[in-house]
1. Under 9 Å by Cβ, and 6 or more places apart or on different chains, what pairs join a residue from the range 122-140 that is hydroxyl-bearing (Ser, Thr, Tyr) with one that is assigned to a loop (DSSP other than H, G, I, E, B)?
2. Taking the range 46-98, which residues are open to solvent by 10 Å² or more (accessible area, probe 1.4 Å) and under 17 Å from Lys11 (Cα atoms)?
3. Mind checking which residues of the range 1-10 are closer than 16 Å to Gly180 by Cβ and not in a strand (DSSP E or B)?
4. Just one of Asp164, Asp154, Asp130 is within 15 Å of ligand 2 (Cβ to nearest atom), modelled with pLDDT of 95 or more and acidic (Asp, Glu); which is it?
5. Just one of the numbered conditions (1) open to solvent by 10 Å² or more (accessible area, probe 1.4 Å); (2) modelled with pLDDT of 85 or more; (3) within 18 Å of Ile37 (Cβ to Cβ) is not true of Phe221; which one?
6. Do we find that Lys113 is open to solvent by 40 Å² or more (accessible area, probe 1.4 Å) and either touching a His at 6+ places or on another chain (Cβ under 6 Å) or at pLDDT 95 or above (or both) in this structure?
7. What helices (runs of 4 or more DSSP H) lie completely within the range 168-223 and have 1 or more residues being within 16 Å of ligand 2 (Cβ to nearest atom) and within 30 Å of Gln97 (Cα to Cα)?
8. Could you check, for the range 11-29, whether at least one of its residues is touching a Pro at 6+ places or on another chain (Cβ under 7 Å), more than 13 Å from ligand 2 (Cβ to nearest atom) and outside any loop (DSSP other than H, G, I, E, B)?
Amino acid sequence: MKKYDLHSHTKHSRCSVNKPARVLKLAKKRGLDGIAITDHNEIKGAKEVARLNKDRDFEVIIGEEVMTDRCELLVYYLKRRIKPGKYEDVIRNVRKQGAVCSIAHPFSGGGRKNINPDFFLKLPKKYLPDAIETFNARIIMEESNSLAKGLARDLGLAETGGSDGHFPAEIGAGYTAFKGSLKEAMLARRTVSGGKSRFPFFHRSLTGVVILLKKVFKSVFDR
Ligand SMILES: [Zn+2]
Ligand SMILES: [Zn+2]
């Protein structure tokens, strides 16, 4: 089984301080076989990490966490950045690019908006994502991940897991395990999610501080 962290951020997200080179180094050091960089509405950081990776046995997936009117969508294997927008439009763009996607932290609570499961249960099949993020290491209530697992089951979708790491300590705290290629495993609904949270409440609080500091000291963080 291979293990990938399918949700991670770099400093190209307004809420993260992770340096691309550091994320790559830590992901390998923590025993992962691959990582998807999923910055908020941006793929610059992902491209940078992919460029830095010289190891053929380690995969870097160009991803993005796209904001839609229905959920945040984790998209994998992108060629071009997807702009935030209406959920159906984003899904059409994902398909056009031959990418795959997973709904990020559908019931994460703690200040984040939960999705409306009914919307997805009534959705025509062509608009369904490929997976649901059933392990997010940043959830504060255990229930959030089990509700996500229930939804994946009800919709017949694959599971993904990731750290949602915005700080170095978090990288690898969540993972997706599978055999063969990730895309195929996801399309065949044969992925398993897991992990162990690393001080999610602390890290989520710190994220608010980072957003503020980055706004005030923009030039320092852009270096
Ligand atoms: Zn963020
Ligand atoms: Zn995220």
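The values are calculated or read from the model by the stated rules, or taken from the named source; none is laboratory data. Keep in mind that this is a model prediction, so the values were computed, not measured. Cβ placement follows ideal geometry from the backbone for every residue including glycine, while neighbour counts extend to all protein chains displayed. Surface accessibility is based on the protein's heavy atoms, side chains included, excluding ligands, DNA and RNA. Shrake-Rupley method; radii C 1.70, N 1.55, O 1.52, S 1.80 Å.
1. From the range 122-140, the pairs are Thr134/Pro106.
2. Within the range 46-98, Lys47, Glu48, Ala50, Arg51, Leu52, Val60, Ile62, Arg81 meet the criteria.
3. Answer for the range 1-10, where residues must be closer than 16 Å to Gly180 by Cβ and not in a strand (DSSP E or B): just Met1.
4. One residue alone meets the criteria, Asp164.
5. Among (1) open to solvent by 10 Å² or more (accessible area, probe 1.4 Å); (2) modelled with pLDDT of 85 or more; (3) within 18 Å of Ile37 (Cβ to Cβ), Phe221 violates only (2).
6. Judged against the criteria, Lys113 is not a match.
7. Those helices (runs of 4 or more DSSP H) do not exist here; none qualify.
8. Step one: filter the range 11-29 for residues touching a Pro at 6+ places or on another chain (Cβ under 7 Å), giving 18, 22, 26.
Filter again for more than 13 Å from ligand 2 (Cβ to nearest atom), leaving 22, 26.
From what is left, the residues that are outside any loop (DSSP other than H, G, I, E, B) are 22, 26.
Checking the range 11-29: at least one residue is touching a Pro at 6+ places or on another chain (Cβ under 7 Å), more than 13 Å from ligand 2 (Cβ to nearest atom) and outside any loop (DSSP other than H, G, I, E, B).
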